[in-house]
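The values are calculated or read from the model by the stated rules, or taken from the named source; none is laboratory data. In this text, all values refer to a predicted model and were calculated from it rather than measured experimentally. Note that we place each Cβ from the backbone using ideal geometry, even for glycine, and neighbour counts take in every protein chain shown.
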Amino acid sequence: MNKKKTKPRKSGGGGGGFAKKATAINIKTKKKAANPDFTYAGSIRPFPQSPTRIVDPAAVLSIPDYAIDGVPKKRGSAYEIEIKTPEEIEKMRKSGRCAREVLDIAGRLVKAGVTTDEIDAAVHAACVERGAYPSPLNYRNFPKSCCTSVNEVICHGIPDERPLEDGDIVNIDITVYLDGYHGDCSEMFCVGGKDAIDEKGIKLLQTTYDCWVKSMELVKPGVNYNVIGKTIEDYIKAEGFSTVRSFCGHGIGSVFHTAPNIFHYTVNQDLQEMQVGHVYTIEPMICEGFADPYMWQDDWTATTADGGRSAQFEHTLLVTEDGVEALTGKIETSPLQFWEEESAIRKGIWLGTSENARARAEELSNR
């Protein structure tokens, strides 16, 4: 789940913490009256939503501090990037693995006729079964346990009762809060498979995946954070696409969103340098046409302004001594997607650039 863009080098608020005295989570969302004359940019429309699902605090290892009232209280530094301890990294490996398992469960449900609300129900149940709290739930009053962004929806789509249709492309964004730490990842899925998607849609998906992998391949200690956005923008502009500037990746740990901000476009200034123990997300949002977001009346759903489609991928990443590892990387049971098989950057499953990550990816890709 991405955070809204702030000024360069400054982070927004986040989640985290444990409300020990909580006995029930009572989510209250404020709904403003809908404007019947609201104009939508594309073909996707909001459908009815099921009642918000709740979590029994006794059923999970911990709950974030916003779970009760929707207000995140624990905040990371606006500028100082936290270096995770070995103990924190081990917890983040577990939350990352959990997020991947849940994302794979959600992805297997993607087919024509299935609603995004059904996917949300499965995500919610899978999180709780693993002792994890679904991080988006009640984060600043978000009403569901994951984000499902279809076609022109850039990010933060709210699961509802709209059935998926052949030819839809959908991003499922999963974040879990396990034992005090968040794991965050997202992936694209094609309803009806590759054969149901037109050539431009296939190019959008492939380009988004490849620019993402290309930027992650550069992550290692001593590299300036500004290389991420420049690499992404240079790659996608050459293919005729645009990159969203209004949302960014983010540092993550016990706090949902913290330093550093990860920009997916060129930043013409030096930022900080990557260090061993930094953990953050890279999650470019790439669009067919205009990348300026057009907000729905729910104050969450961001679509493209021209109705063009958008695609996104995301990993939680750990900077290591010899490169980078994807803490939310694919596992033994994860499917191999066409954009991984046909990548111009690195074919097969991508788990990072460290020696261990490369070896593990090779093993999974050849299974």
Problem set entry | Tally of residues being under 24 Å from A99 (Cβ atoms) and without any contact (Cβ under 8 Å) to a residue 24 or more places away in the chain across the stretch 211-265 | 1
For this session: Go through (1) among the aliphatic types (A, V, I, L, M); (2) without any contact (Cβ under 8 Å) to a residue 24 or more places away in the chain; (3) part of a loop (DSSP other than H, G, I, E, B) one by one and return the number of the condition A122 breaks.
Result: (3)
For this session: Return yes when G76 is buried (at least 21 other Cβ atoms within 10 Å of the Cβ), in contact with a Leu (Cβ under 8 Å, 6 or more places away or on another chain) and on the phi < 0 side of the Ramachandran plot and no when it is not.
Result: no
Problem set entry | Test result for V128, touching a helix residue (DSSP H, G or I) at 6+ places or on another chain (Cβ under 6 Å), crowded, with 24+ Cβ neighbours inside 10 Å and in contact (Cβ under 8 Å) with a residue 40 or more places away in the chain | no
Problem set entry | Among the candidates G329, G348, G308, G277, residue that is assigned to a loop (DSSP other than H, G, I, E, B) and without any contact (Cβ under 8 Å) to a residue 24 or more places away in the chain | G348
For this session: Report yes if some residue within the stretch 238-255 is buried (at least 20 other Cβ atoms within 10 Å of the Cβ) and among the acidic types (D, E); otherwise report no.
Result: no
For this session: Among the residues of the stretch 275-324, count how many are of a type in the set (D, E) and buried (at least 24 other Cβ atoms within 10 Å of the Cβ).
Result: 2
Problem set entry | So V150, is it in contact with a Leu (Cβ under 8 Å, 6 or more places away or on another chain), under 20 Å from G42 (Cα atoms) and at pLDDT 95 or above | yes
Exercise. Which residue pairs have Cβ atoms under 6 Å apart, sit 6 or more places apart or on different chains, and have a first residue in the stretch 152-165 that is over 15 Å from E288 (Cβ atoms) and a second that is small (G, A, S) and crowded, with 24+ Cβ neighbours inside 10 Å?
Worked result: C155/S149; C155/A302; H156/A302; G157/S149
